[in-house]
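J.: After the structure tokens below, expect a handful of questions from me.
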Amino acid sequence: MPRLHLFEFEDFAWFPTQIRNYGTDFLQFVSNKFNLYKGIAPVLAQAVKQSGKTQIIDLASGGGGGLLTVAKTLKEEIPELKITLTDYYPNISAFEAAVEQGGEMYAYEPNSVNALDVPAKLDGFRTQFLSFHHFRPQQAQQILQNAVDRKAPIAIFEAQDRIPTDFLKNLLSPVTVLLVTPFIRPFKLGRIIFTYLIPIVPLFVMWDGVVSVLRTYRVKEMQAMVEKLEGAEGYQWDIDKNKDGPTLILYLIGIPE
Ligand SMILES: C[S@@+](CC[C@H](N)C(=O)[O-])C[C@H]1O[C@@H](n2cnc3c(N)ncnc32)[C@H](O)[C@@H]1O
């Protein structure tokens, strides 16, 4: 399938924060409930250990995403690990919930953080879950270049590939939204209203999910990006697919040597 960069509602500044947050809360719930990133948890733990960092800067965190479960494995391997959640459109109530449940391992940045130009004060091992596809090729390249310029280790994960089966899975996502919404915490009346009475949430989750598949960078495309980076030779790169968990995960990991 050719890569198509269609719009996602989530990316529009005018899109209501409340509805965007219901979407990222849903992704967080599903990623953790089904432990989507189980297969890559040991891979990430090994990469963080190798980098020598004990601070993760999670970019484009949304509602916290699958990192919240992966973090339990990471914590076993790296007890002193700290995680800072950030986003261009921070989902503050989800960030607060992560801090409440995860204790002092978590912190969050309340101000907008652009993954294209991470503030110098946010120093650590950069992670991105389910968000690299949000960026056009030149921006995706910029994300990697920004990490290399700052000598920051970086790990990017996508829980979908640009393939017809993942396209179809996302077409069916409204069914999942309708089934799991009552279990998403914190309980919010608006979530129920905009899911069942005025079903904006299932429809926008479906559209953004289908478009995400069409925007996903395949392994070869990520490899080509790395080849174009200035300073890539000072890094150790691992760009591949992982099938050890419940779903296929595409990943790119770069660690300064
Ligand atoms: C599909 S959500 C994924 C959220 C979360 N990481 C997860 O796994 O559920 C994509 C996220 O990217 C964020 N985003 C989009 N553009 C961004 C940018 N330029 N810088 C940082 N975050 C951005 C959105 O606000 C949204 O929260």
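The values are calculated or read from the model by the stated rules, or taken from the named source; none is laboratory data. Keep in mind it's a predicted model, so treat the numbers as computed, not measured. Heads up, the Cβs are rebuilt from the backbone with ideal geometry, glycines too, and the neighbour counts pull from every protein chain shown.
J.: Out of the residues in the stretch 88-134 meeting the condition of being free of Cβ contacts under 8 Å to residues at least 40 places away in the same chain and of a type in the set (Asp, Glu), tell me which one is farthest from Gln145 (Cα to Cα).
T.: In this case the residue turns out to be Glu100.
J.: Out of all the residues in the stretch 77-91, is one or more within 28 Å of Val213 (Cβ to Cβ) and part of a helix (DSSP H, G or I)?
T.: Of the residues in the stretch 77-91, the ones within 28 Å of Val213 (Cβ to Cβ) are 83, 85-91.
Next, from what is left, pick out any that are part of a helix (DSSP H, G or I): none.
No: zero hits.
J.: OK, next. Pairs under 8 Å by beta carbon, first residue modelled with pLDDT under 95 in the stretch 7-27, partner near the ligand (Cβ under 9 Å from one of its atoms) and of a type in the set (Val, Ile, Thr), six or more apart or different chains?
T.: Listed pairs, sorted by first residue: none to list.
J.: Give the number of residues within the stretch 44-72 that are of a type in the set (Val, Ile, Thr) and within 16 Å of the ligand (Cβ to nearest atom).
T.: The initial filter retains those residues of the stretch 44-72 that are of a type in the set (Val, Ile, Thr), namely 48, 54, 56-57, 69-70.
Imposing the further condition that a residue be within 16 Å of the ligand (Cβ to nearest atom) reduces the set to 56-57, 69-70.
Number satisfying all stated conditions: 4.
J.: Within the stretch 50-59, is there a residue that is in a helix (DSSP H, G or I) and of a type in the set (A, V, I, L, M, F, W, C)?
T.: The first filter runs over the stretch 50-59 and keeps only residues in a helix (DSSP H, G or I), leaving 50-51.
Next, from what is left, pick out any that are of a type in the set (A, V, I, L, M, F, W, C): none.
Checking the stretch 50-59: not a single residue is in a helix (DSSP H, G or I) and of a type in the set (A, V, I, L, M, F, W, C).
J.: A follow-up question, please. Hey, among Ile40, Ile92, Ile78, which residue is surrounded by 23 or more Cβ atoms within 10 Å (Cβ to Cβ) and more than 9 Å from the ligand (Cβ to nearest atom)?
T.: Numbers: Ile92 fails: surrounded by 23 or more Cβ atoms within 10 Å (Cβ to Cβ); Ile78 fails: surrounded by 23 or more Cβ atoms within 10 Å (Cβ to Cβ).
It is Ile40.
J.: If you go through the stretch 193-217 one residue at a time, how many are touching a helix residue (DSSP H, G or I) at 6+ places or on another chain (Cβ under 7 Å) and either away from the ligand (no atom under 16 Å from the Cβ) or at pLDDT below 95 (or both)?
T.: The number of residues fulfilling the criteria is 3.
J.: Moving on to the next point. Does the stretch 208-257 hold any residues that are under 17 Å from the mean Cα position of the chain (by Cα) and of a type in the set (Lys, Arg), and which are they?
T.: Of everything in the stretch 208-257, those that are under 17 Å from the mean Cα position of the chain (by Cα) and of a type in the set (Lys, Arg) turn out to be Arg215, Arg218, Lys241.
J.: Also, quick follow-up: Pull out all pairs, ordered by first then second residue, where Cβ-Cβ is under 6 Å, the residues are six or more apart or on different chains, the first lies in the stretch 162-189 and is under 19 Å from Ile249 (Cα atoms), and the second is small (Gly, Ala, Ser) and surrounded by 11 or more Cβ atoms within 10 Å (Cβ to Cβ).
T.: Filtered contacts from the stretch 162-189: Asn170/Gly209; Ser173/Gly209.
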